[in-house]
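What follows is calculated from the coordinates using simple rules that are stated; it is not laboratory data. What you are looking at is a predicted structure, and each value in this text was computed from that prediction instead of being measured. Ideal geometry is used to build each Cβ from the backbone, glycine not excepted, and the neighbour counts take in all protein chains shown.
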Amino acid sequence: MRKSTAIVFSAFALTGLASCKKGGGGGGWLVGEDGTMQNVNRKGELGEGYDLGATETLNAIACRYADEAWVVGNGGTLLYTADAGKSWAAQNMGSTANFRSLATQDDGPVFVVGDGVFFTASPQYTTGKADWVQLGDGKTSWTSVAAAQLASTVLAVSDDGGIWSYADGALAKTATLPGMHAVAVSPDGQIAMAVGEGMFRSTDAGKSWREIAIALPPGDPRRAI
C-alpha cells in the first residue's frame, strides 16, 4: 500500500544531516503514515528517511533552541530529539488522543493540540522532561496551533473554525471563521493567517480578521459556491 504523506515546513535549517536554527529558517520535512519522516533539501529533493522507532501516523514537527525538536502523531505519539534528529525518544503524555499539530517558542513553551486535548509545558533543555498541563475541555478538538517566535502570541484553530488565543495560562475564543483548518503567526506575533475553505488575515495578533479574496481558475467548482 502506498504511504500517504503531508509536507510540514518547520523551523529546521538543513545543514548536513539535520539541525535546528534558533529563530527559524527554512527547511522542509515529510511526515506521514507508519512513522514516515523524510527531509526535503533546498533543491526540493527528498533526503533519506529517519528511523523514529514509531509506527503511528505522524502529523507535525517543530523545534526549539538549536537542536531540540518534537514530532506529534496519532495515538498520543510525541517524539523528542535533543541532537538535531540523530536520535529520537518517545514521551508519555498520558493520552491516547490523536495529536494534530504543535508549536514552540524559541526559549519557552511547547504547545501540543489534537482531538480533545490542548497541552502546554516548558520542557527542560536537552532532556525534554516537562509537566504537561491540559487546557482543553476534553470535547473541543484542535486542528492547528501556531506560536510567535519573538512575542507571546499563540493562536489555535478548533475543528468548528473557532480561533482561540492562549495567554496567561488560559484559552479564550476570539472569533469563529467557519471552514478554517490551519493558522500561522508572524515572528512578531502581529500578523496571522488562517486557511482552509478560504483565507483570513489578522494584523492585530488574532483579535480581528479580514477575509482575503482568492482568485479561482475558470472551471473550478468552488466558483459556483
**Whole-Hz ³J(HN,Hα) from phi, Karplus 6.51 cos²θ - 1.76 cosθ + 1.60, for the range 121-137, glycine and proline x** = 6, 10, x, 5, 5, 6, 9, x, 5, 7, 9, 6, 10, 8, 9, x, 8
**Asked** If one puts a single equal scatterer on every Cα of the range 106-225 and applies the Debye formula without solvent, what log₁₀ I(q)/I(0) results at q = 0.17, 0.18, 0.19 Å⁻¹?
**Response** -0.84, -0.92, -1.00
**Prompt:** Roughly how many nanometres apart are two label points built 7 Å out from the Cα toward the Cβ at residue 208 and residue 125?
**Reply:** 4.0
**Request:** Scale the Cα Rg of the range 50-139 by the rule-of-thumb value 2.2 N^0.38 Å and send over the ratio, two decimals.
**Result:** 0.98
**Asked** Between residue 83 and residue 182, how many nm apart are label points set 7 Å from Cα along the C-beta direction?
**Response** 3.2
